Amino acid sequence: MGLPLHLSVKLGTHLVKQKIRRVEKFPMIMELEPLFACNLACAGCGKIQQPHTVLKQRMPVEQAVAAVEECGAPMVSIAGGEPLMHKEIDKIVAELLKRKKFIVLCTNAVLMPKHMHKFTPNKNFAWMVHIDGLQERHDESVSKVGVFDQAVAAIKAAKAAGFQVYTNSTFFNTDTPETVRETLDFLNDELKVDRIEISPGYAYEKAPDQDRFLGVEQTRELFKQSFADGKRKHWRLNHSPLFLDFLEGKTDFECTPWGVPSYSLLGWQKPCYLLADGYAKTWQELLDDTDWENFGRGKDPRCDNCMAHCGYEPSAVIATMGSLKQSVRAMVTH
């Protein structure tokens, strides 16, 4: 399916502007984390391992908006932690929509029924609900029984209220082609969500469970089999065709760590959303003071098994824009 057409146009226009200006490193999507606190304790996430004093903090609206404007990304993914625990999250979203940003609000959906009334359907806003497998697998992933049913109910309510709903599914070495297909079929055909994101799990250094993450060859084999028989064309996947080729091992890219920068209460995270080698106070400082050439597979051992979309989707999008054939291919998948 590919990216929504108006989002593809927004990102494409942004890329063309950077090329005209001869800007070498620029963001496509910004990860904004206005808090680290969460109402769940997922086994594969290290975010809530922050000190208690940090977990209590909430980013002011003005600070969040200033960071988005500073880097200039056309799309903002608001994550955490659980963003709906931020008392002014609706104000952050409203301010960014005024600035014509495309916003996805990432959530485990537990708090959506309580807070949904604070938001209004908008073509530039979508809920992004985490669904890591069907009922038993998802509840195991989030370490709490009943969350899958809550998420499904929240998705249905949001769709009924006129919102766009995306989902984000992370797959681990406990998954099989069958569990991947079952999950994507359920999201696509039964829940009828608008777009589906997928990603192989990345081994956060602070994640409680370090034994569930996929290696590169495992990832390629898992998605090659999952996508067999033309299935990937059936699902409304929120990815460029080249990124899906990358997951299958049909093509390869170098990581583009600056393509999806992460800004949190601690600052701009070096070098990317998945590694924490320090923090910069400004976007320009992040660009200037990060040794970008030292990261990626074969350069840093921590990167060797990473195939996450935050590093490789930007690479795929840049490759798509640089090829007329791939640009046409991306357009016809809508």
Total formal charge among the other residues, if their Cβ is under 10 angstrom from that of Asp277, Lys/Arg +1 and Asp/Glu -1: 0
Tell me, what are the semi-axes, in whole angstrom and largest first, of the equivalent ellipsoid of the stretch 9-50 as set by the roots of 5 times the Cα gyration tensor eigenvalues? 35, 11, 9
So what does log10 I(q)/I(0) come out to for the chain at q = 0.08, 0.09 Å⁻¹, using the Debye formula with one equal point on every Cα and no solvent? -0.33, -0.43
Kirkwood Rh in Å, taken over the stretch 31-138 so that all alpha-carbon pairs contribute: 14.5
Specify which residue in the list Tyr273, Leu191, Met116 is farthest towards the positive end of the charge dipole of the chain, using unit charges on the beta carbon of Lys, Arg (+1) and Asp, Glu (-1), about the Cα centre. Met116
Computed magnitude of the charge dipole of the chain (debye, nearest 20; Cβ of K, R +1, Cβ of D, E -1): 1360
More than 18 angstrom separation, counting every C-alpha pair in the stretch 233-323; what % is that? 47
Inter-probe distance in nm under a simple model that places probes 7 Å from Cα toward Cβ, at Ala66 and Glu136: 5.1
In the stretch 124-283, how does Rg compare with the Kirkwood Rh, expressed as the Rg/Rh ratio over alpha carbon atoms? 0.97
Over 23 Å between alpha carbons, listed pairs Lys123/Lys156; Lys159/Lys224; Lys10/Lys123; Lys19/Lys325: Lys159/Lys224
When the accessible area of the stretch 56-209 is computed with all protein chains present and a 1.4 Å probe, what percentage of it is carbon and sulfur? 51
Can you tell me the FRET efficiency between Arg302 and Arg99 if r is taken as the Cβ-Cβ distance and R0 is 45 Å, rounded to the nearest 0.05? 0.85
Which aspartates and glutamates have a Cα less than 16 Å from the Cα of Lys98, not counting those fewer than 8 places away in the same chain? Glu62, Glu69, Glu70, Glu88, Asp90
When the Cα centres of the stretch 267-310 and the stretch 106-183 are compared, how far apart do they sit, in Å? 28
With every protein chain kept in place and ligands, DNA and RNA left out, what is the accessible area per residue of the stretch 215-334? Probe 1.4 Å, answer in Å². 45
Could you order peptides 120-129, 314-323 by the average number of other Cβ atoms within 10 Å of their residues, highest first? 314-323, 120-129
Just order 18-30, 169-181, 97-109, 258-270 by mean Cβ neighbour count inside 10 Å, highest at the front, would you? 258-270, 97-109, 169-181, 18-30
All lysines inside 16 Å of Lys299 as judged from Cα atoms, apart from same-chain residues fewer than 8 positions distant: Lys270
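The values are calculated or read from the model by the stated rules, or taken from the named source; none is laboratory data. From a predicted model like this one, the values you see are computed outputs, not experimental measurements. FYI the Cβ positions are ideal-geometry reconstructions off the backbone, even for glycines, and counts take in every protein chain you see. Note: areas computed on protein heavy atoms with side chains; ligands, DNA, RNA excluded. Shrake-Rupley method; radii C 1.70, N 1.55, O 1.52, S 1.80 Å.
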